[in-house]
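Structure first, then comments.
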Amino acid sequence: MKRIAVMTSGGDSPGMNAAIRAVVRYGIKSGLEVYGIRRGYAGLLDEDIEPMTFASVGGIMEKGGTILRSSRCPEFVRKETRAEAAKILKKHGIEGLVVIGGEGSLHGAMFLEEEQKIPVVGIPGTIDNDIAMTDMSIGVDTCLNTVVDAIQKLKDTASSHERAFIVEVMGRSSGYIATVSGLVTGAEAIIIPEVPVNYEELANKLLEERERGKINCIVVVAEGAASAYTVARHLEYRIGYETRITILGHIQRGGSPTAFDRLLASRMGVAAVEALMRGESSVMTALQGGKITTVKLDEVLKEKKRLDMELVKLAGILS
């Protein structure tokens, strides 16, 4: 293998730049030519491909987002579109591809290998931490720190005005962000897709705490469970607090990555290049028990990662 390419696809996550940097620098040091594909699969179809150098990735590790940019590419679900993408890779002499992204991006990579025999290695990059067979994905730690910082600031004003804040965080199908951020900030309630919520019981619990002298209330809700407005509508007339809504939105994806995410991304980037050079394909780099390994993409993608219910239990005990 002489020439490889790297791309970021789907939603961005803090640490993607550190992974790009690791792929480029380790690839070049290993005697490979490394190319960058801009705007993910859409950029690949547009042949938005350029050679990468040490200078291309200088000073990017501390930056959020992705210098290669990203996009959604719905047409990549079609087999003929993937065949065209494979032709473009071969036209540019690219013999291996590193795809950094979430579930949809990894599916695209797997199909490229299965159908077109393009060697691919995936790197999990998603703030939801919903990719199976890896303890953490790139961007999760930074996202959690952003959410925790926001909630702590909201608690200050909640206490000052004796209010309840309903804080909506990301997580369409996973309650990981809501669970962990709510747990470590001492939220009074956490609403997630994995656990049905009984609003009457929740309201009674919050009202009891109010009557015991609690002067603020934080409810963290994952967007996939309910909207913050729905939660507020169920609670605001029952719990004795003036209620305010905060939707954190895309701020959770931005910002300079934490040391943990920079390290994880760097380790995974190097591991991805090593896997390609060993002849591995249709695999994903994964963090398991503190070590970086590779796992088969078909095994990763055949089922959703389950939320650790011990965390949910712990949050309930300590709330």
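Determine the sum of side-chain charges near Met170: Lys and Arg each +1, Asp and Glu each -1, restricted to other residues whose C-beta is under 12 angstrom from that of Met170.
-2
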Reduced to Cα centres, the span from region 1-67 to region 98-157 in Å works out to 16
The distance between the Cα centres of region 252-319 and region 218-245, in whole Å, is 32
By the C-alpha gyration tensor axes a ≥ b ≥ c (rounded if a/c is under 1.5, else prolate when a/b exceeds b/c, else oblate), the shape of region 5-127 is oblate
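Kindly rank 116-123, 12-19, 285-292, 195-202 from highest to lowest mean number of other beta carbons found within 10 Å of each residue. Mind dumping the intermediate values first?
Working: 116-123: 23.9, 12-19: 29.4, 285-292: 15.2, 195-202: 12.6.
Sorting 116-123, 12-19, 285-292, 195-202 by mean packing, highest first, produces 12-19, 116-123, 285-292, 195-202.
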Any residue on another chain or 5+ positions along whose placed amide H is under 5 Å from the amide H of Tyr35 is listed here as Ile4, Ala5, Val6, Met52
Note on region 141-253: alpha-carbon gyration tensor, axes a ≥ b ≥ c; rule is a/c under 1.5 for rounded, else prolate if a/b larger than b/c, else oblate; result oblate
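Quick check: at a probe of 1.4 Å, how many percent of the accessible area of region 141-253 sits on carbon and sulfur atoms? The partial results should precede the final answer.
Numbers: 2430 of 5160 Å².
Its accessible area is 47 percent carbon and sulfur atoms.
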Among (i) 21.6, 70; (ii) 18.9, 58; (iii) 19.7, 59, the value of Rg and Dmax of the Cα atoms in Å computed for this structure carries the label (i)
With -39,500 (n - 2.57) per DSSP H segment of 4 or more residues and division by the full residue count of the chain, the 222 nm estimate, nearest 500 deg cm²/dmol, is -13000 deg cm²/dmol
Percent relative contact order for the chain, counting Cα pairs under 8 Å at least six residues apart, stands at 24
Residue-normalised value, i.e. accessible area per residue, for region 141-253 at 1.4 Å probe, in Å², stands at 46
Once amide hydrogens are built 1.01 Å from N within the peptide plane, the residues lying 5 or more places from Val283 or on another chain with amide H under 5 Å from its amide H are Val120, Gly122, Leu297
Whole-Hz Karplus couplings 3J(HN,Hα) for region 59-74, θ = phi - 60° and coefficients 6.51, -1.76, 1.60, Gly and Pro as x, run x, 9, 4, 7, 8, x, x, 8, 5, 7, 6, 8, 6, 8, 9, x
Sparse-neighbourhood loop hits (chymotrypsin sites (Phe, Trp or Tyr not before Pro), region 1-54; DSSP loop; Cβ within 10 Å at most 15 others) -> Phe54
Under 5 Å from the placed amide H of Phe165, counting only residues 5+ away or on other chains, we find Cys217, Ile218, Val219, Arg244
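The values are calculated or read from the model by the stated rules, or taken from the named source; none is laboratory data. For clarity, every value in this text was computed on a predicted model and none was experimentally measured. Quick reminder, even Gly has a Cβ in these numbers, built from the backbone with ideal geometry, and neighbours come from all protein chains shown. All accessible areas refer to the heavy atoms of the entire protein, side chains included, with ligands and DNA or RNA removed. Shrake-Rupley method; radii C 1.70, N 1.55, O 1.52, S 1.80 Å.
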